[in-house]
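Below: the structure, in structure tokens.
Nothing in this text is a laboratory measurement; each read-out follows from the coordinates by a stated rule. Note that the coordinates shown come from a computational prediction; the quantities given were computed from them, not determined experimentally. Reconstructed Cβ throughout: ideal geometry from the backbone, glycine too, with neighbour counts over all protein chains shown.
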Amino acid sequence: MKSVQQEVDERSNLTGTNKFELLLFRLGGDAQGNHNELFGINVFKIREIVAMPEITAVAGAPQHVLGVVNLRGHIIQVLDLPGITGVTPKTGLNIMLVTEFARTTQAFAVESVEEIVRLDWSQVMTAENTAGTGMVTSIARLPEAEGQPARLAQVLDVETILRRLNPEQDRQDLSQAVGNKISIKPGSVILAADDSVVARALIEQGLDAMGLPFIMTKSGKEAWDQLGSIATAAEAEGRTVYDRVAMVLTDLEMPEMDGFTLTRNIKSSQRFGNLPVVIHSSLSGTTNEEHVKNVRADAYVAKFSAEDLSRTLRKVLGA
């Protein structure tokens, strides 16, 4: 039987193996109570799970903001996740998921929590081409349980959900936030990877404001494949990948290949090893920052502040 410390160490080391843990929960179904689907969120974003406490409604709160709770002296906003996703809980809002990501703490009300499953990112496929509103970033193929058919879980893009509820966050003067244009070698680009539609849009706006040309990809695997193609084309012209790519900017949570694996692949490659890599993620905490060092990333910057991103890129690029 594993000790608590062994379980903690094992969970902390998952990020170095292209694996992660997904908390599965249910939100409800349609008006008839059918189609109660499974949803998921990365365990690293969960601070705690509690039975639904008393919520204080806030005057003038936006739609789907239930109010606030006092959790051990901290006032935390509670969001109606079933309402946001357009489903109806059959038994009510029974559980509160307290989350920390993208520099914020907030709680999501859900109907029930199922289990935590350990997955490889290769078991997670992008939801980009599925019908939807952009709130689902990927689809996880869950391990088959005895006597049960194969199951799928929708991984929610909670950053997108927050941005849609608080659109004023995006109303900033980017040119003022990022400062003067950044110069890189002519003919080179920033190779970026992020699976979130909203995150990609924000990154593209930020890089445009900095005057940086870029190629945007949707996963670590796509970025890795793109990097190989760029290098091959450059070498055919008698050049190297360093003439074509100034830096790699990557998210951490991505289907097929996560940002840690992408970074480790780049830094351990004779072909790409000297490319600067900046990790740009909503995941925070000392454990993740330690893993950033372990995979030899050149810098880490938390999502999403155009000013902080610009400052980090200038430092890494020496601009």
Can you tell me the FRET efficiency between ILE215 and ALA145 if r is taken as the Cβ-Cβ distance and R0 is 41 Å, rounded to the nearest 0.05?
0.50
Looking at the chain as a GNM with Cα springs under 10 Å, which of SER268, SER122, SER138 has the largest mean-square fluctuation?
SER268
One quarter of the C-alpha convex hull surface, i.e. the mean projected area of the chain in nm², amounts to 19.2 nm²
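Taking the highest mean first, how do the peptides 254-267, 59-72, 86-99 order by number of other beta carbon atoms within 10 angstrom per residue?
254-267, 86-99, 59-72
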Stokes-Einstein diffusion coefficient of segment 167-315, Kirkwood radius over Cα pairs, 10 °C, 1.306 mPa s, in µm²/s:
103 µm²/s
Zone residues, segment 106-125, relative to VAL50, backbone N less than 18 Å from point 7 Å out along Cα-to-Cβ:
106-113
For ALA61 and ARG314, compute 0.36 nm times the residue count separating them, minus their Cα-Cα distance, and round to one decimal in nm.
87.2 nm
Would you mind checking LYS218/LYS303; LYS218/LYS293; LYS45/LYS315; LYS45/LYS90; LYS221/LYS315; LYS19/LYS218 for any pair whose Cα atoms are more than 20 angstrom apart?
LYS218/LYS293; LYS45/LYS315; LYS45/LYS90; LYS221/LYS315
Please work out the FRET efficiency for the pair ASN274 and ARG103, using the Cβ-Cβ distance as r and a Förster radius of 25 Å; give the result to the nearest 0.05.
0.20
Over the chain, what is the percentage of antiparallel beta bridges among all DSSP beta bridges, to the nearest 5?
65 percent
